[in-house]
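**Student:** Sharing a structure below in structure tokens format, with a few things to ask.
The values are calculated or read from the model by the stated rules, or taken from the named source; none is laboratory data. Values in this document were obtained by computation on a predicted structure and should not be read as measured data. Glycine gets a Cβ as well: all are built from the backbone with ideal geometry, and neighbour counts include every protein chain shown.
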Amino acid sequence: MQNNSISVMLVGAAQSPCSAHLESLFARRGKGFDVEVIQRPERAYARIEKTPVDVIIIQQAMDDALLKFIEAVSAHHHHPAVVVIAEGVDEKQLHNAMRAGAQDFLDRQEIGNGTLPRVVIHAAQRREAQQTRVLKKAGVPADVMSRVGLDRLLALDEEIQSEDFPDGET
């Protein structure tokens, strides 16, 4: 996680209305998100080999090649979280995407003003928590593990929640 923000990679058609809408949602949120759009999963994987990202949002039709991409990304040593956005939620697609390693699966119709940024933060939090459990299980001492990333995610989530629910209601 770089520059005290969540780095987000949108994988899918760069010129699609969905891409423009997603970029606009993150832009309105302002600080806290760095967004990059990459059209093809192969190029996205090559990109995370060079520079890690926190969350990958996949916004294209689910197929076997995309499931293999999710599996590869989930097993990658940088461990980015994966969120899948699809047109209509198919139970089989949902099951396959989650089994492949996705942290969340959204219907394109569910992308509201505050929904997607919160989903991205929660996906990153879950991935960070999974990695912490793996390190603990491997016997890495707690003082060696850095909680800076998780603390930053929690603070950003609290900030977004206070913007969405100014009176404290959730």
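**Student:** Among the strands (runs of 3 or more DSSP E) contained in the stretch 54-108, which hold 1 or more residues that are hydroxyl-bearing (Ser, Thr, Tyr) and either crowded, with 20+ Cβ neighbours inside 10 Å or modelled with pLDDT of 85 or more (or both)?
**Tutor:** Where strands (runs of 3 or more DSSP E) fall fully within the stretch 54-108, none carries at least 1 residues being hydroxyl-bearing (Ser, Thr, Tyr) and either crowded, with 20+ Cβ neighbours inside 10 Å or modelled with pLDDT of 85 or more (or both).
**Student:** Also, I was wondering about something else. Could you look through the stretch 1-28, keep only residues that are surrounded by fewer than 19 Cβ atoms within 10 Å (Cβ to Cβ) and within 22 Å of Arg127 (Cα to Cα), and pick out the one that is modelled with the highest pLDDT?
**Tutor:** So, considering only residues that are surrounded by fewer than 19 Cβ atoms within 10 Å (Cβ to Cβ) and within 22 Å of Arg127 (Cα to Cα), the one modelled with the highest pLDDT is Ser5.
**Student:** Are there any pairs with C-beta distances below 8 angstrom linking a residue in the stretch 122-142 that is without any contact (Cβ under 8 Å) to a residue 12 or more places away in the chain to a residue that is loosely packed, with under 15 Cβ neighbours inside 10 Å and assigned to a helix (DSSP H, G or I), with the two at least 6 apart or on different chains, and if so which?
**Tutor:** Short answer, once both residue conditions are applied: Ala142/Lys136.
**Student:** Can you confirm whether Leu94 is more than 21 Å from Phe33 (Cβ to Cβ) and in contact with a strand residue (DSSP E or B) (Cβ under 6 Å, 6 or more places away or on another chain)?
**Tutor:** Answer is yes for this residue.
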